[in-house]
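Worksheet: one structure, shown below.
The values are calculated or read from the model by the stated rules, or taken from the named source; none is laboratory data. Keep in mind that this is a model prediction, so the values were computed, not measured. Using ideal geometry, Cβ is built from the backbone for each residue, glycine included, and neighbour counts are taken over all protein chains shown. Ligands, DNA and RNA are excluded from the accessible area calculation, which covers all protein heavy atoms including side chains. Shrake-Rupley method; radii C 1.70, N 1.55, O 1.52, S 1.80 Å.
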Amino acid sequence: FIFDLSGNLLNTADFSSLGSSYFMRDVGSSGWLLKGLSGSVWKIWHIDTAGALRNTFSNAYIGPGPYYSGLNNGSFVTNEITTGDINLFNTSGTLISSTNAWTDPDGWSYSYVGMGDIAGLAGGGFVVLPELGRLAVGGAGFSPYLYFYDNALNLINKVNISPGNITIYMLVGMPGGGFIGIGNTD
């Protein structure tokens, strides 16, 4: 269902013929990205603002989980939960670059277990949780850091949030800038 800023229904679109979509992320003025299964293959579908299919992406770097995000320049990123890798794709879905948050020379040393979510930022770049910290996957029970990357995968800032003792599960960028995280303190 596609709504305007006043909450008026503008359009509906049915994507059931593509497969089973499970996650949705914003790609700014170019629409949004759906992620889901088509048969047994994970795919990302780029949908324009009117609800029409623009492109379909499928490769070895697109797997289960909600950890992907569109960027303000139309490209998108995915991360690999068990390795710390962040993969950058152009608007055609071609892998153009990768980096590893866990071994970034500008990052912080930590006993990483599993990467968390990733969210594109309106002003460019993205924020990522290099460690989700969930106890269920052997983590410390809190998210220790936030890492900020530019659209070329350069680490531009990092913030230690471990004193807050929070576990952030999901991130989403806000249209006016910044981002929102959802989690808990236990």
Alpha-carbon spread of the range 53-128, three principal axes, descending order, Å: 41, 28, 20
Debye, to nearest 20: dipole size of the chain, +1 on Lys, Arg Cβ, -1 on Asp, Glu Cβ: 200
In whole percent, what relative contact order does the range 90-186 give with Cα contacts below 8 Å and a gap of six or more residues? 23
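Would you work out what percent of the accessible area of the range 54-186, with all protein chains in place, is carbon or sulfur (probe 1.4 Å)?
53
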Using the Kirkwood formula over every pair of different C-alpha atoms, what hydrodynamic radius in Å results for the chain? 16.9
Place the peptides 92-100, 77-85 in order of packing, highest mean first, counting for every residue the other Cβ atoms within 10 Å and averaging per peptide. 77-85, 92-100
Hey, what D do you get for the range 110-170 in µm²/s if you plug the Kirkwood alpha-carbon radius into Stokes-Einstein at 10 °C and 1.306 mPa s? 135
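Listed highest first by mean packing, meaning other Cβ atoms within 10 Å per residue, what order do 123-129, 36-42 come in?
In decreasing order of mean packing, 123-129, 36-42 become 123-129, 36-42.
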Of the candidates THR83, ALA136, TRP32, the farthest towards the positive dipole end of the chain (Lys/Arg Cβ +1, Asp/Glu Cβ -1, centred on the Cα centre) is TRP32
What are the ³J(HN,Hα) values, in whole Hz, obtained from phi via the Karplus relation 6.51 cos²θ - 1.76 cosθ + 1.60 with θ = phi - 60°, for each residue of the range 161-169 in sequence order, with x given for Gly and Pro? 10, 4, x, x, 6, 10, 10, 9, 9
Once the principal axes of the Cα atoms of the range 76-186 are found, what is the range along each, listed largest first in whole angstroms? 40, 30, 23
What percent does the relative contact order of the chain come to when contacts are Cα pairs within less than 8 Å and at least six residues apart? 12
Among PHE3, ASN55, GLY114 the positive-end extreme of the charge dipole of the chain (Cβ point charges): ASN55
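To the nearest 0.05, how large is the calculated FRET efficiency for SER17 and ALA136 if R₀ is 30 Å and r is the Cβ-Cβ distance?
Numbers: r = 35 Å, r/R0 = 1.16.
The pair SER17/ALA136 has a calculated efficiency of 0.30.
Taking the Cα centre of the range 1-107 as origin, work out the dipole magnitude from +1 charges on Lys and Arg Cβ and -1 charges on Asp and Glu Cβ, in debye rounded to 20.
260
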For the range 137-182, restrict the atom set to alpha-carbon positions and state the Rg and Dmax in Å. 12.1, 35
